[in-house]
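The values are calculated or read from the model by the stated rules, or taken from the named source; none is laboratory data. None of the values given here were measured: they were computed from a predicted structure. So basically every Cβ, Gly included, is an ideal-geometry build from the backbone, and we count neighbours across all protein chains shown. Each accessible area value is taken on the protein alone, full model and side chains, heavy atoms only, with ligands, DNA and RNA left out. Shrake-Rupley method; radii C 1.70, N 1.55, O 1.52, S 1.80 Å.
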Amino acid sequence: MAEKNLTSVERVDEKVLAPGNSGHSPGSQTCRKAAAKTEPSRSKFVSAVNMVGRLVPGNASFLMRMDEANLLKKASRQTGLNDFGDEAFREDFRILLESFEKDSHFHFIGRICAYNDVLRLLCNRLRLIEDRKRNPQIAEEVIRRPLFITGLPRTGTTFLHGLMNQDPLSRAPQIWEVMHPSPPPERATYDRDPRIALAGKELWWIKVLMPDFETAHMIGATLPQECIAITGMSFRSYVFDSMYNVPTYRAWLDPADKRPSYEFHRTFLQHLQWRCPGTHWVLKAPSHLMALDALLQVYPDAGIIMTHRDPLKVLPSCASFTEVLRRGFTDQLDRKELGKEVLKRWDDAAAFAIRFRDGNPALKERFFDVQYSDLVRDPMLLIGRIYDHFAMELTEEAKKAMRRFLVENPMNKKGVHRYSLGEFDFDPAAERRRFQFYTDYFGVRPEV
């Protein structure tokens, strides 16, 4: 691979760490009234298509019904393949489809997009398995000492992922190769693979479906991708929970064994690494917090970087971004309920991570904790500490690339992601008490 591409950068609502930046008090009535008027932008194109869709007899529900047999058959017909691998995935797939039909309340274009996304995942799964059968040496690839970045959402995980990926020796899965992984990428053609242009055209639809997306999260074919996009092909993944309202699926997934998902994840990295390796993988997803046990079972030599930020900044930002994502697929969203969902999800995740770390003191050195304020204040100093902790060499070439990344990716490059606690009915005092176990444990400094 040639010079690393720039990565996605999590957007901050305001320059929250800048002196004198006050704004409304999160709990004030003024803030709550103003927040109630703030809604994500709506695409005129999507609104128009949905209006037409409502006039179509049966809407898209009949033509694109989330039917297991039909989807599997269609994927086989499109690829000419019929081996989906371990049949155990069928239960996960079935529960997801049932939750789609029961819970998601898709609008016309939302159903079309969700249906085609599921079909794409099935086709990718078929092709991956076929590639592996034709090239059995893929299974011999060893994933050594991968680094996983995780933490509550909106805590700088994406920014840190992108910054560390500037090291020419590192390897992160790019969006295009996760969207279209077959055949396995090759080093010689990696930067000019025709799938890059194809993915770029497909990603255009995100801007159509979700006009506010880029103010919260940059997107591009050659940017690093999250691990949940990889595990989506196992159908045991939090990617569906982030994009769609699937409470039935979520209730099944939370207590489920996550090891099969991480075993598929390893299979996928072997696939990408076979003809295009780096010295180490740099990977990222907040959802790893809910599966540290499974992650370390599958990757026993992994290093884990955990980012931390004031929950009163995390919660509304996460809820707002979730709303931006889901409004691309449904008009039926209740902000109060969304706030409750986000609150429980990340309260549970933080508690699970702490229990795991307390219960496994022998793994202490496998973790490195990052305060968001330290990351913003002096990212290169922090990078040096991370490399020292994991006994990695930080070359001058890597430093130069990382500094260039910092210059080319200023805060709010694509606009300001605005949100507030009041929009989602968060109570600042109550949420502060609720997350005190987390802020005390990791020494997280308040920002509001």
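Exposure check, 1.4 Å probe, all protein chains in place: Lys336 carries approximately 100 Å² of accessible surface. Among the listed pairs Lys258/Lys284; Lys258/Lys364; Lys73/Lys201; Lys284/Lys364; Lys284/Lys344; Lys364/Lys399, those with a Cα-Cα distance over 24 Å are Lys73/Lys201; Lys364/Lys399.
Each part gets one Cα centre, and for region 100-122 versus region 265-327 those centres are 24 Å apart.
Computed with a 1.4 Å probe over protein heavy atoms only, the accessible area of Trp204 comes to about 130 Å². Of the solvent-accessible surface of region 66-223, computed with a 1.4 Å probe over protein heavy atoms with every protein chain present, carbon and sulfur atoms account for 52 percent.
Would you work out if region 273-401 is rounded, prolate or oblate? Take a ≥ b ≥ c from the square roots of the eigenvalues of the alpha-carbon gyration tensor; rounded if a/c is under 1.5, else prolate when a/b is larger than b/c, oblate otherwise. Prolate. Largest accessible area first, the listed residues Asp301, Asp310 line up as Asp301, Asp310 when surface is computed with a 1.4 Å probe on the assembled protein chains. Accessible surface for Met64 stands near 40 Å², nearest 10, in the context of the full protein assembly shown (1.4 Å probe). Only protein atoms count toward the accessible area here, which uses a 1.4 Å probe; on region 238-285, the carbon and sulfur part of that area reaches 55 percent. For region 128-210, the per residue solvent-accessible surface stands at 40 Å², with DNA, RNA and ligands left out and a 1.4 Å probe.
Compute the FRET efficiency between Gln297 and Lys344 as 1/(1 + (r/R0)^6), taking r as their Cβ-Cβ distance and R0 = 35 Å, and round to the nearest 0.05.
Working: r = 26 Å, r/R0 = 0.73.
So the FRET efficiency works out to roughly 0.85.
Between region 168-204 and region 379-402, the C-alpha centres lie 26 angstrom from each other.
Largest first, the residues Glu337, Glu423 sort by 1.4 Å accessible area into Glu337, Glu423.
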